[in-house]
Amino acid sequence: MRGVNMKNIDKISGEKNNIFSLVDFSDDLSDVMTSFTVIFDNLSDAVICLNNKWDFTYINSAAESILQKNRESLIYKDIWMEFPSFVRTLLYEGYHDALMKNRPVEFDEYLAEYDSWWHIQAYPKNGSLIIIFQDITEKHVAMEVVEESYRTLFHKHPDAVCSADLDGNLLAINSAFKKLFPIDEKLLLGSDFRKFLPRGKKNVMEDLFDKAKTGKPNAIELNLTLEAGTPFYILLTAIPIIVQSNIIGVYGIVKDITNQRYNMEKYNEVSHMNKLILDSVDEGILGIDEQNNVVMWNDSAKNMTGYSKEELNIKHLNEMFHQNRDDKSIYPSEGEFPSGESVIRESEVTFFRKDDKPIIMDYVMTPMIYSNRTVGRVYTFRDITEKKKSEEILYQSEKLSAVGQLAAGIAHEIRNPLTSLKGFLQLIEKTGEGKKEYFDIMKSEFGRIEQILNELLILSKPQTTKNEICDLDGLLGHIVTLLNTQAIIKNIYITKDIMNTPLEIEGVSNQIKQVFINFIKNAIEAMDQGEITVKARKEDNFVVIEVIDEGCGIPKSLLSKVGEPFFTTKEKGTGLGLMVSYQIIEDHGGDINVKSEEGEGTTFTIRLPAYEKVYIKQ
């Protein structure tokens, strides 16, 4: 049993070391008092009783052990005579205070004679004094160890540390504080910390202190460069000082983070420089870590694909690369990624932009190696769509050049005998011999041969042309009127849908006229009946003309060949008409787009730069 309840010892008083003499009980309660004697002697706390003459009247077993004297020999002996070392100690003052002022006292005292700390409680009762004491040496030593640890932590802390009471008066500073802030320690201690705060940071630092006073640790980063005259950044932390659940003050910890900030700024500067370099290159750069997270995505990659870095995930990467796999998975996957420093190169790969537009890419995939381990991969890719178009244009140009050379030879070789044939045909016709319809057929065929020769000659040499302002509304109206007669024969109707606004271009009117005659004639020849619609409108800085038929259409597999030399879907066609038309539109700075569905019809869309009048103020 530990501790003594005063209610159980209110009757302790007497003249012998016997519990019976300390209480005023009758003999029939002797068994109860014997039990009390056993209980008191088994207490771990020491209990003694002194009368008003300072004589011992009761000593339990624990007190006998602590005092190191036989308790029977101490009964009726004066405590100050038996233990003179107790005089001039808190025991002497405390016992006298309790007995004379009739009030309980409690205190700790170190007794050199016993080399131990005691916790003492003294209670006055009817002119006597009941004293309970414990040996707290181990507890006190532990407390001293803790306190010394705190003192060591405070003074040896690598950061500047100070302590202040709740009013803000500085109580202590460590050596790191003195080094960081070279202010006289005598001037600091006992002074309100607010006196030393820089004016521009005073409110922030006071708020930090006030929050710590309420039990909330908090921190803030401050730039004191202006006050110090040199780069100076600190991290200021305020922590409440709590003793026995009570806040008695505040610790301030000041960490000099100038070097960290400098290093961070350098890192940010290098990172920004790297980003500028990455964003300035024409190639797209994609970095992926082990978890397929995008860690690098430069501006060129964004512009090529239409995806921002924030939008990218493995789904979008699969969509861009999906043509490489039947299952639409990205190649190579993590498990298939080559070991070591192997590099994968792919040429003419079709990527798909965010708007589903295909683009042709060359890319190189390189593993990212860190500590001999692959931690991701980097894709470097470039858009070669325009390059492929240029190569195709060059190829077509070479074909046209070859066709031109061939056309010049053919035209030259055929024109001379053709002239002779036409002359002799006229002579024979004048003789009146032969049927007239035969002569008409031959003239028609000779005319067709001459038309083909003229088309060949356009390809074989540059044409001397003079540009003029062409009104497409009038030009298209004339062409529709011209070809309507031929169309009506096949039960085909040509309708116009032309915007009610000036549609002017600058070019060679005869060539432009030839282009639209070719397109409308092809439409008529592709149909047995139905309607041909000619639309014209202005879009931005272009005039857009559409020729829409309801013919048999062109297979998708052949659409890319439209406009190539000698490509035609007609039985008697040469393909030269469309080829010449494409060349004329290209020479006029325009372009042609064709859409077709088998069984539904074909739409040719021609775009030509609109003529803009320039007004000069006089």
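Arranged from highest to lowest average of other beta-carbon atoms within 10 Å per residue, in what order do the peptides 127-134, 362-369 appear?
127-134, 362-369
Post the alpha-carbon centroid distance, region 53-92 to region 192-256, in whole angstrom.
Value for the Cα centre distance between the two parts: 54 Å.
Would you mind checking Lys53/Lys101; Lys315/Lys357; Lys490/Lys556; Lys186/Lys211; Lys315/Lys354 for any pair whose Cα atoms are more than 23 angstrom apart?
Flagged as over cut-off: Lys490/Lys556; Lys186/Lys211.
Evaluate the charge dipole of region 129-229 about its Cα centre and quote only its size in Debye, nearest 20, assuming +1 on the Cβ of each Lys and Arg and -1 on the Cβ of each Asp and Glu.
420 debye
List, in order, the whole-Hz ³J(HN,Hα) value for each residue of region 62-71 obtained from phi through the Karplus relation with A = 6.51, B = -1.76, C = 1.60 and θ = phi - 60°; use x for Gly and Pro.
5, 5, 4, 5, 6, 6, 6, 9, 5, 5
Order these peptides, 504-515, 527-538, by their mean beta-carbon neighbour count within 10 angstrom, highest first.
Going from most to least packed, we get 504-515, 527-538.
For Trp54, Trp117, what's the largest-to-smallest order of accessible area, 1.4 Å probe?
Descending accessible area places them as Trp117, Trp54.
Mind checking the per residue accessible area of region 157-260 for me, 1.4 Å probe, whole number of Å²?
Using a 1.4 Å probe on heavy atoms only, each residue of region 157-260 averages 58 Å².
Around Glu64, with a cut-off of 12 angstrom between Cβ atoms, what is the net charge of the other residues, counting Lys and Arg +1 and Asp and Glu -1?
Taking every other residue near Glu64 into account, the sum is 0.
The values are calculated or read from the model by the stated rules, or taken from the named source; none is laboratory data. Just so it is clear, the structure is predicted and the values come from calculations on it, not from any experiment. So basically every Cβ, Gly included, is an ideal-geometry build from the backbone, and we count neighbours across all protein chains shown. Heads up: the accessible areas ignore ligands, DNA and RNA and are worked out on the full protein's heavy atoms, side chains in. Shrake-Rupley method; radii C 1.70, N 1.55, O 1.52, S 1.80 Å.
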